[in-house]
Amino acid sequence: MQRQADALRRLGLFLARRLVQSIFVLFGLSILIFTIARVLPGDPARTALGARAPQETVDRLREEMHLNDTLPVQYTYWLGDALRGDFGMSLVTRRSVTTDIAEFLPASLELVIFAGVLTLVGGIALGTLSARYKDSWVDNLIRILSYAGVVTPAFIFAIIFLLVFGLALDWLPSIGRLSEGVPKPPLVTGLITVDALLAGQLATFWDALQHLIMPGVALALGSMAQEARITRATMADNLNKDYIAAERALGIPERVVMGRFLLKPSLIPTISIFALDFAANLANAFLVELIFNWPGISRYGVNAMLRKDLNAITAVILILGVVFILMNIVVDLVVGALDPRIRLRAARSD
Amino acid sequence: MLNNASQPDHAVGRSAIDPHRLAQIERRNRRERWGRAWYKFSRNPLSVLGLIMVVTITLMAIFAPFVAPYPQHAEPFTDFANASKPPGGQYLFGTDEIGRDILSRCIFGFRYALVMGVAVLSLVVPVGVLLGLVAGYFQGTIIDTIIMRVTDIFLSVPPLILALAVASVLQPNLTNAMLAVSLMWWPWYTRLVYGLASALRNEYFVVSAETIGAGTGHILFREILPNMVSPILTKMSLDMGWVVIIGSMLSFVGLGVQPPTPGLGTMVAAGARFLPDQWWIAIFPALAIVVVVLGFNLLGDGLRDLFSAEES
């Protein structure tokens with residue numbers, strides 16, 4: 001009882017400390033983005049209204065956007081709005097940026113989560129297989145394939161898939177999240193596959209899943225290959241440790257040695273890299289989203305960047321920063337759960 | 001005694017060593033160390049393959065005008081009579097929609113890819129390493145806090161998205177793409193060097209240098225820095241591949257090398273419009289990107305194995 005309460009208290013302290021740190025990082029990030037957005041040549045009010053708007057309207061908007069104030073004052077206004085979830089209007093869609101993000105973020109999350117599941121399952125399975133049959137042809141084949149996966153950018157996979165499976169063979173739908181005429185499920189989570197399952201629309205689920213396969217696999221292959229390499233390397237390392245030999249000598253079945261005593265501690269680097277990859281994939285998805293016309297936040301962000309839509313750019317970067325930081329906190333928790341030594345060290349440093 | 005070369009080394013008193021002979025021994029030792037390192041490196045055929053690829057690509061990039069079969073195709077050029085020719089015969093990789101030889105353009109594309117990589121790394125490595133050294137050596141002071149917290153902020157966002165944001169507010173061209181990527185890349189070196197420096201600062205050789213009154217500059221650059229050259233070099237070799245990928249991504253969305261200049265990413269983007277019928281227009285530049293990245297990754301892995309073997 002006492003130990004459990006202690007563990008909970010330490011967990012709370014750890015979370016509190018990480019959250020405080022994260023707030024500082026996000027604060028700094030917001031200053032960085034704001035600076036990038038404001039040192040631009042050109043008048044944001046003029047850009048927003050277009051070249052033909054009368055000067056008085058521009059002046060009125062400048063006043064409204066506080067553009068006549070000093071930069072620190074402008075920053076506090078901007079930060080106040082951002083904290084209330086108001087990032088202003090998007091120049092491209094002519095809607096509130098917050099509405100846009102609420103619409104596009106779930107599409108990206110669905111894609112990145114799907115790719116993440118593929119990455120973890122595929123990467124760990126291939127890595128374990130490779131380590132289990134180390135130096136056999138299976139190992140060599142997996143190592144060559146994962147090397148190819150690491151060095152090929154996702155957009156090249158995307159183009160090849162589009163070419164082969166979408167256009168030449170016509171096996172899979174290559175554009176968007178749903179085929180035309182397929183009923184959209186009622187909005188719950190924004191992830192179409194999940195919403196369709198919740199509503200019991202199996203046909204919609206199947207269609208959405210088919211749309212996910214090509215962009216999802218294209219996005220996943222790089223990190224999957226990375227995970228396979230890391231899992232193999234750590235497992236091969238740990239395989240030579242004395243404790244494994246001791247367990248084998250005790251007559252513990254090979255399956256248990258591999259699965260329980262070898263795999264679990266070997267997953268720590270895999271999980272750490274996975275979390276970073278998962279968050280980075282939200283950004284890396286942008287070319288994949290462009291190629292498959294996937295209505296996600298990366299495609300939205302790139303379009304905003306190409307058209308200098310500052311409100312949208314700042315919001316997208318901040319949101320991605322938040323996701324990245326949250327993922328890092330989750331990793332630290334998971335790694336702690338996997339490795340008792342790290343847990344103990346954190347406890348002692350309190 | 002002074003010029004007695006037949007005397008065994010260990011029998012010579014330190015004060016009596018001929019400087020000429022000492023230099024000779026030094027040279028021989030160095031040659032032996034290199035020889036041993038090269039032997040270890042060459043045991044792994046993949047590392048050697050990586051080295052060969054990197055050297056070949058570099059030479060092709062430098063001598064592009066002499067290597068490429070149609071160097072004028074890298075400039076504004078049209079030949080509609082030979083447009084969209086499939087690979088083979090006169091044009092090994094085929095021609096694009098306005099009749100330019102894709103092989104020649106890929107060879108020139110190597111140039112821009114390597115220029116991007118070299119420029120970004122030569123901007124990023126000195127800055128990142130210097131900041132990491134200073135923060136690591138002055139660990140626990142206000143300098144450490146400022147440098148590392150700023151680093152954390154840059155590391156809190158995927159580098160690609162910030163590079164895109166910076167590139168998008170500048171004029172789209174190769175120089176600005178390099179600046180944007182550089183601005184996002186230094187924190188990775190700062191973090192790497194910080195970890196190494198904060199471990200090294202407690203080593204005896206650093207403490208003894210401090211004790212005899214060595215200056216901060218001497219300690220940072222002559223005592224600590226030489227002990228972290230191998231991880232930095234390894235990271236640089238692996239990073240060349242990543243910078244090439246990021247550069248091609250920026251070009252792909254139109255924020256890097258501008259047409260008609262043959263950037264590899266630009267060529268993939270332009271060729272993607274002609275899929276699947278004229279597949280060669282996009283696929284060969286895409287393969288060229290993969291080849292560059294593969295070469296630097298194989299070389300980087302080889303270096304890492306070499307250095308980690310030396311340590312143990």
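The values are calculated or read from the model by the stated rules, or taken from the named source; none is laboratory data. The model shown is predicted, which means the values in this text are computed figures rather than measured ones. Every residue, glycine as well, gets a Cβ built from its backbone with ideal geometry; the counts of neighbours run over all protein chains shown.
Looking for whichever is away from chain A (no Cβ under 12 Å), more than 21 Å from residue B:107 (Cβ to Cβ) and in contact with a Gly (Cβ under 8 Å, 6 or more places away or on another chain) here; the options are B:233, B:192, B:174. Which one fits?
Values: B:233 fails: in contact with a Gly (Cβ under 8 Å, 6 or more places away or on another chain); B:174 fails: more than 21 Å from residue B:107 (Cβ to Cβ).
None of the other options fit; the residue is B:192.
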Single match in B:120, B:157, B:150 (criterion: buried (at least 21 other Cβ atoms within 10 Å of the Cβ), β-branched (Val, Ile, Thr) and within 14 Å of chain A (Cβ to nearest Cβ)): B:157
Hey, residue A:56 at pLDDT below 80 and of a type in the set (Asp, Glu) or not: no
Count of residues meeting criterion [assigned to a helix (DSSP H, G or I) and facing another protein chain (nearest Cβ under 9 Å)] in the range A:277-317: 21
Given (1) without any contact (Cβ under 8 Å) to a residue 12 or more places away in the chain; (2) closer than 30 Å to residue B:206 by Cα, index of the condition residue B:127 fails: (1)
Only one of B:146, B:107 that is of a type in the set (Val, Ile, Thr) and without any contact (Cβ under 8 Å) to a residue 12 or more places away in the chain: B:146
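I'm trying to understand the selection: among the residues of the range A:301-338, which are more than 14 Å from the chain's Cα centre (by Cα) and within 16 Å of residue A:286 (Cβ to Cβ)? Spell out how you get there, then give the answer.
Residues of the range A:301-338 more than 14 Å from the chain's Cα centre (by Cα): A:301-315, A:332-338.
A:301, A:302, A:303, A:304, A:305, A:306, A:307, A:309, A:312, A:313, A:315, listed by residue number.
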Residues located in the range B:68-82, provided they are among the small types (Gly, Ala, Ser) and assigned to a loop (DSSP other than H, G, I, E, B): B:68
Lone unmet requirement of (1) without any contact (Cβ under 8 Å) to a residue 12 or more places away in the chain; (2) surrounded by 20 or more Cβ atoms within 10 Å (Cβ to Cβ); (3) away from chain B (no Cβ under 14 Å) for residue A:215: (1)
Residue within the range B:280-294 that is surrounded by 20 or more Cβ atoms within 10 Å (Cβ to Cβ) and closer than 20 Å to residue B:189 by Cα present: yes
Which listed residue is modelled with pLDDT of 85 or more and within 13 Å of chain A (Cβ to nearest Cβ), from B:295, B:254, B:217, B:213: B:295
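Results for (1) in contact with a helix residue (DSSP H, G or I) (Cβ under 9 Å, 6 or more places away or on another chain); (2) closer than 28 Å to residue B:242 by Cβ, shown as yes or no for each residue.
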position: A:234; (1), (2): yes, yes
position: A:246; (1), (2): no, no
position: A:264; (1), (2): yes, no
position: A:273; (1), (2): yes, yes
position: A:280; (1), (2): yes, yes
position: A:322; (1), (2): yes, yes
position: A:328; (1), (2): yes, yes
position: A:331; (1), (2): yes, yes
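Step by step: first the residues of the range A:195-212, then only those that are surrounded by fewer than 19 Cβ atoms within 10 Å (Cβ to Cβ) and without any contact (Cβ under 8 Å) to a residue 12 or more places away in the chain, then the one that is nearest to residue A:294 (Cα to Cα). Which residue is that? Spell out the reasoning first.
Initially, the range A:195-212 is screened for residues surrounded by fewer than 19 Cβ atoms within 10 Å (Cβ to Cβ), giving A:197-200, A:202-203, A:206, A:209-210.
With the extra rule that they be without any contact (Cβ under 8 Å) to a residue 12 or more places away in the chain, the set shrinks to A:197, A:200, A:202, A:206.
Values: A:197: 21, A:200: 24, A:202: 21, A:206: 17 Å.
The extreme case among them is A:206.
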From A:172, A:267, A:191, A:221, residue being touching a residue at least 40 places away in the same chain (Cβ under 8 Å), closer than 24 Å to residue A:327 by Cβ and out of contact with any Leu (no Cβ under 7 Å at 6 or more places or on another chain): A:221
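Looking for whichever is in the same structural domain as residue B:247 (by TED's automatic domain parsing) and at pLDDT below 85 here; the options are B:150, B:157. Which one fits? Quick ask: steps written out before the conclusion?
Values: B:150 fails: at pLDDT below 85.
Residue meeting the stated conditions: B:157.
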